[in-house]
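For reference, the structure discussed in these notes is given below.
The values are calculated or read from the model by the stated rules, or taken from the named source; none is laboratory data. Note that this is a predicted model, so its numbers are computed, not measured. Cβ placement follows ideal geometry from the backbone for every residue including glycine, while neighbour counts extend to all protein chains displayed.
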């Protein structure tokens with residue numbers, strides 16, 4: 001999941017030069033560093049919902065929840081667990 005999300009972020013939100021120069025990992029701040037903005041969050045949320053067949057409630061899709069890949073994974077896993085229960 002980590003690699004899929006990192007790959008999506010690099011492909012969608014960074015140009016090639018930025019992607020090559022930036023050390024993007026699961027703990028890189030996405031929102032607070034400006035990589036992901038409010039419009040990008042919407043497309044990232046849609047990507048996650050389609051890829052993992054999960055519904056992420058809008059009230060939980062907060063800037064804090066989307067600020068790192070680690071926090072995004074935690075949010076997706078939380079809803080995958082609910083779905084499987």
Which of the residues spanning the range 44-62 are within 21 Å of residue 3 (Cβ to Cβ) and free of Cβ contacts under 8 Å to residues at least 40 places away in the same chain?
44, 45, 46, 47, 49, 50, 53, 54, 56
Restricting attention to the range 41-62, the residues that are within 20 Å of residue 77 (Cβ to Cβ), loosely packed, with under 14 Cβ neighbours inside 10 Å and out of contact with any helix residue (DSSP H, G or I) (no Cβ under 7 Å at 6 or more places or on another chain) number exactly 7
Among the residues of the range 30-85, how many are within 12 Å of the chain's Cα centre (by Cα) and outside any helix (DSSP H, G or I)?
14
Among the numbered conditions (1) without any contact (Cβ under 8 Å) to a residue 60 or more places away in the chain; (2) under 11 Å from the mean Cα position of the chain (by Cα), tell me where residue 5 comes up short.
(1)
Could you tell me which residue of the range 8-29 is nearest to the chain's Cα centre (by Cα), considering only residues that are assigned to a helix (DSSP H, G or I) and surrounded by fewer than 11 Cβ atoms within 10 Å (Cβ to Cβ)?
11
Is the range 30-40 home to any residue that is in contact with a helix residue (DSSP H, G or I) (Cβ under 9 Å, 6 or more places away or on another chain), exposed (fewer than 12 other Cβ atoms within 10 Å of the Cβ) and either farther than 29 Å from residue 84 by Cα or at pLDDT 95 or above (or both)?
no
